[in-house]
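Novice: Got a structure for you, written out below as structure tokens; questions coming shortly.
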Amino acid sequence: MKNAGRFVVVLIFVFAVRFGIDQYRARTINFDSVVEKMRTTQPEMAKMFATMQQKFPAEYADFNKSVTAAARKGGNSDEARAAGLNAMRQFMKSHIQDLAQAPSANLVAFNRQQIAVAKAFSAVDPTLCAHFVMTGLQPGDHPSESLVNELGKAGVVQMDGIAAGRQSPAGRKVDAISDAHAGAMVAALRTAGLNDADLRIFGSPTGLATAPLGTQRRLGIRLLEGVSTMPADQAARITGYLITHA
């Protein structure tokens, strides 16, 4: 199960600056004004940034400054997007443990939203869904407009989880999975529809990475669904482990 961590996308919203980036070509638009315009076109993504601003004001200000500076420097939209991606990655890197220690209810909600996003991607773009469940979206991936708000919803849930984990850490052990939890996880995966051949792929050091995209997509979604069937505290412990080992 060691490699299963790559299925949980900690950087669920690293592609957030995919929204309206063309507006930066004018080089004069402030990031806050772009978010304000998003309220009518991409309300869930706007809500994600509003949540970040409310719960992490200093880091939001740094993110704002980074993206705005890249845009006004005269670079192209790719450079502004890359600045935003890098800033989001740094934000998440510094808060992975906070998310892993979020109260059980937050991690259950986190996993539930992961499933919703994965299924939305699967219905629209199976290849991107495979990327999503395996490694997270990358700068070269371009989800359609219909998927942007799903990412925004997931971002809000993730921000809430980070804030809750920072304020009231659960203190759970996430550096390893006990034999009992591993056994329960295998049973949950079987309940979710995986067979012995699927489980062998999970157990192989290269099985997941070399599996066909369709298999990656299917197993990734089934893993998340399996976790969702477990008791809340146990599911949270497994999710915390997967987050920190992604």
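The values are calculated or read from the model by the stated rules, or taken from the named source; none is laboratory data. Because the structure is a prediction, the values reported are computed rather than measured. So basically every Cβ, Gly included, is an ideal-geometry build from the backbone, and we count neighbours across all protein chains shown. What goes into the accessible areas is simple: the full protein's heavy atoms, side chains included, and nothing from ligands, DNA or RNA. Shrake-Rupley method; radii C 1.70, N 1.55, O 1.52, S 1.80 Å.
Novice: Could I have the simple spin-label model distance between ASN86 and ALA116, label points 7 Å from Cα toward Cβ, reported in nm to one decimal?
Specialist: In this crude spin-label approximation the distance works out to 3.3 nm.
Novice: Something else: For segment 75-185, give the percent of accessible area contributed by carbon and sulfur heavy atoms, probe 1.4 Å, rounded to a whole number.
Specialist: Using a 1.4 Å probe with all protein chains present, segment 75-185 comes out at 53 percent carbon and sulfur.
Novice: When Lys and Arg each count +1 and Asp and Glu each count -1, what net charge do the other residues less than 13 Å away from ILE221, Cβ to Cβ, add up to?
Specialist: Value of the local net charge: +3.
Novice: Where does the Debye-calculated log10 I(q)/I(0) of segment 171-246 sit at q = 0.12, 0.20, 0.22, 0.28 Å⁻¹, using only Cα point scatterers of equal weight, no solvent?
Specialist: -0.32, -0.89, -1.07, -1.45
Novice: What is the ratio of the Cα radius of gyration of segment 33-170 to 2.2 N^0.38 Å, with N the residue count, to two decimals?
Specialist: Compactness ratio reported: 1.06.
Novice: Where nothing but the Cβ of Lys and Arg (+1) and of Asp and Glu (-1) is charged, how large is the charge dipole of segment 184-246 around its Cα centre, in debye to the nearest 20?
Specialist: With only Lys, Arg, Asp and Glu charged at Cβ, the dipole is about 100 debye.
Novice: With a ≥ b ≥ c taken as the square roots of the eigenvalues of the C-alpha gyration tensor of segment 117-205, please select rounded if a/c is under 1.5 and otherwise prolate if a/b is larger than b/c or oblate if it is not?
Specialist: Judged from the Cα gyration tensor, segment 117-205 comes out oblate (a/c at least 1.5, b/c at or above a/b).
Novice: What list of ³J(HN,Hα) values in whole Hz, one per residue of segment 215-230 in order, does the Karplus curve 6.51 cos²θ - 1.76 cosθ + 1.60 (θ = phi - 60°) give from phi, with Gly and Pro shown as x?
Specialist: Values, residue by residue: 5, 4, 4, 5, 5, x, 5, 5, 4, 4, 5, x, 4, 5, 8, 7 Hz.
Novice: Something else now. Counting only heavy atoms of the protein chains, get the accessible area per residue of segment 99-245 (1.4 Å probe) and round it to a whole Å² value.
Specialist: It amounts to 41 Å² per residue over segment 99-245.
Novice: Label-point separation (nm) for SER168 and THR215, each offset 7 Å from Cα along Cα-to-Cβ?
Specialist: 4.3 nm
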